[in-house]
Amino acid sequence: MDGGFGIFDIIIFAGVALFLIMRLGSVLGKRTGHQKPPPDAADLFGGGTGSDRSKAANDADDVDSGGDGNVVHLPHNQRPDTGDQAAFAESDTPLGAGLMAIRDADAHFDPNGFVNGAKAAFEMILTAYADGDEKTLQGLLAPDVFENFSAAIRSRINAGQRLEEVLVGIDSADILEAKMDGKNALVTMKFVSQQAHALYDVDGNVVEGDPNTITTVTDIWTFQRDTRKSDPNWALVATRSSN
């Protein structure tokens, strides 16, 4: 009789285990969007064509954070219902007023989504500059900024130098300033990050920095977007460091 109950228990446990495995598989299957490779330059701040964005704007279901994961698509004429509402509510401050002005010019603008895109752009730009990847940089930088980056890359290559720039992590990313300049939206970000930097000469000797030392770096970057265009992405137009 004891043996009979043992077999019965085994059957029950096997059924429960099978049920849990199936449930686990369904949950993991819903997380595939977070397992994609890093987005390319065209997808950082929302991606998609103008018609894609219009469709999203007319679909109230897109208030959820689906899609590319970098921006929340919002219906026209509707204020955000999530954490970024506080940023818009502080319209009596210069920053709040600037964010509201951008939102008035672009109904899709969302500070939280912008910050996510800016952080991704920050990492992509640092990596592309170190790798000498001018194609990626051209899609992320304003023409004059790109020329400066390109000239520095060419100078490094001509000298036979190699740059290693490791972004260990971003401690914080905050909007410092937001404003409209005509039809152009301008947002200035402060990035505080942990980085390891080393420049090698043609013989492999370190001539600048230390690959084994992680330093805290504060960068102030300004991004710009023409609100008349359907392209949701922003270009880096100015950089400076407070270090």
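Given a Förster distance of 45 angstrom, what is the FRET efficiency for GLN161 paired with ASP92, based on the Cβ-Cβ distance and rounded to 0.05? List each step's numbers first, then the result.
Working: r = 50 Å, r/R0 = 1.11.
Calculated transfer efficiency: 0.35.
Based on alpha carbons, the Rg and Dmax found for segment 87-241 are 17.2, 57 Å. At an R0 of 35 angstrom, the distance between the Cβ atoms of ASN184 and ASN205 translates into a FRET efficiency of 0.20. With both labels modelled 7 Å from their Cα along Cα-to-Cβ, the THR213 to ASP131 distance reads 2.8 nm.
Net length available on complete extension from LEU176 to GLU123 is 17.2 nm, with 0.36 nm assigned per residue and the Cα-Cα distance removed.
Over segment 87-241, what relative contact order in percent results from Cα pairs under 8 Å that are six or more residues apart?
Values: 270 pairs, mean separation 31.5, N = 155.
Relative contact order for segment 87-241 comes out at 20 percent.
Net charge dipole, segment 87-241: roughly 380 debye, given to the nearest 20, about the Cα centre with Cβ charges of +1 for Lys and Arg and -1 for Asp and Glu.
Multiply the residue separation of ALA101 and ALA142 by 0.36 nm, subtract the distance between their alpha-carbon atoms, and state the gained length in nm to one decimal. Numbers along the way, then the final one.
Numbers: separation 41, 0.36 × 41 = 14.76 nm, distance 2.22 nm.
Extra length available between ALA101 and ALA142 comes to 12.5 nm.
Counting lysine pairs in segment 87-241 whose alpha carbons fall under 18 angstrom apart, excluding pairs fewer than 8 residues apart on the same chain, gives 4.
Read the figures in this text as sums done on the coordinates, not as results from a lab. Quick caveat, the model's predicted, so the values are computed rather than measured. Every residue, glycine among them, receives a Cβ derived from its backbone with ideal geometry; neighbour counts consider all protein chains shown.
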